[in-house]
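The values are calculated or read from the model by the stated rules, or taken from the named source; none is laboratory data. This is a predicted model, so every value here is computed, not measured. As a convention, Cβ positions derive from the backbone with ideal geometry for all residues, glycine included, and neighbour counts pool all protein chains shown.
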Amino acid sequence: MPEEPEEMHEGHPADYTGVHAFVLIDQVEPGKTPEDVVAALRALGKPPIMYASAFVGDFVAFAHVRARNMRHLQDLMADPIWNAGPRCTWHTESPITTLGAKRKSPGLIALTKVRMRSGTAKAARSVLVSREPQGFVGASVVSGQFDLLLQMTGDSVEEIEERLEGALTDIEGVVRTSTSFADGDRTEEIHGPIPEHDEEL
């Protein structure tokens, strides 16, 4: 199935350029809390930190990182991101799309890791984007231990779980899923907006 055309959305100029990675932080440096790590990451500014928040699920925090290229991403991973305290796995997004995960942050955020059978992830994403099921915010094809990162929203965990089940029911190739949650409004209230950089990206 060919990749669907996507309307470009207003946003930060770094939103759809460079190399993007999703950081699933399942452990943090001893002596730090997940909120400490989130605060340190957000203080690095946008870019490289496009989003960061504590989460409830099989990771305690999450960050969306943008770099100019792979060399720059590895430099960021070595320092300053390592020094901010995350101990985690990294997943690169490819292709970078306007309807990818974590381009928008509504109140209740659900991020679902979706493991797919080999060769089915791009077609599955295309179906999700073309249908835009209720609660759908975005989906990204990623490298690493899973294949899709799906973002959904709703008024409650129960509602999101129902929407997620409906969205994935007839998607071919789904092997397993795992969903984590965050209150995006709480993140903004605690940490404030991520400062944006004016220099060349």
Residue check for residue 198: in contact (Cβ under 8 Å) with a residue 24 or more places away in the chain and within 30 Å of residue 45 (Cα to Cα): no
I'm trying to understand the selection: among the residues of segment 34-45, which are over 18 Å from residue 58 (Cα atoms), buried (at least 19 other Cβ atoms within 10 Å of the Cβ) and under 17 Å from the mean Cα position of the chain (by Cα)? 41, 42
Take the residues of segment 105-120 that are touching a residue at least 60 places away in the same chain (Cβ under 8 Å) and assigned to a strand (DSSP E or B): which is nearest to the chain's Cα centre (by Cα)? 111
Leading residue by the ranking (nearest to residue 92 (Cα to Cα)) among those in segment 130-147 that are touching a Phe, Trp or Tyr at 6+ places or on another chain (Cβ under 9 Å) and surrounded by fewer than 20 Cβ atoms within 10 Å (Cβ to Cβ): 143
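For segment 20-33, what are the residues that are surrounded by fewer than 20 Cβ atoms within 10 Å (Cβ to Cβ) and either under 14 Å from residue 88 (Cβ atoms) or in contact with an Asp or Glu (Cβ under 9 Å, 6 or more places away or on another chain) (or both)? First the steps, then the outcome.
Here is the first cut: in segment 20-33, the ones surrounded by fewer than 20 Cβ atoms within 10 Å (Cβ to Cβ) are 26-27, 29-33.
Correct list: 26, 27, 29, 32.
Can you tell me how many residues in segment 144-161 are within 21 Å of residue 24 (Cβ to Cβ) and either among the aliphatic types (A, V, I, L, M) or modelled with pLDDT of 95 or more (or both)?
Residues that pass the stated criteria total 11.
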Taking segment 145-182, which residues are over 21 Å from residue 106 (Cα atoms) and among the hydroxyl-bearing types (Ser, Thr, Tyr)? 169, 177
Note on segment 144-168: residues acidic (Asp, Glu), assigned to a helix (DSSP H, G or I) and over 19 Å from the mean Cα position of the chain (by Cα) are 158, 159, 162, 165
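Taking segment 173-187, which residues are in contact with a Ser or Thr (Cβ under 6 Å, 6 or more places away or on another chain) and either at pLDDT below 95 or not in a strand (DSSP E or B) (or both)? Don't jump to the end; show me each part of the working.
Applying the first criterion (in contact with a Ser or Thr (Cβ under 6 Å, 6 or more places away or on another chain)) to segment 173-187 yields 173, 177, 179, 182, 184, 187.
Correct list: 173, 184, 187.
Within segment 121-129, does at least one residue satisfy the condition of being at positive phi and either over 14 Å from the mean Cα position of the chain (by Cα) or not assigned by TED's automatic domain parsing to the domain that holds residue 28 (or both)?
Residues of segment 121-129 at positive phi: none.
No, because not a single residue in segment 121-129 is at positive phi and either over 14 Å from the mean Cα position of the chain (by Cα) or not assigned by TED's automatic domain parsing to the domain that holds residue 28 (or both).
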How do the pairs read when you match residues in segment 168-185 that are of a type in the set (D, E, K, R) with residues anywhere that are surrounded by 16 or more Cβ atoms within 10 Å (Cβ to Cβ), using Cβ under 7 Å and keeping only pairs 6 or more apart or on different chains? 172/120; 172/124; 183/108
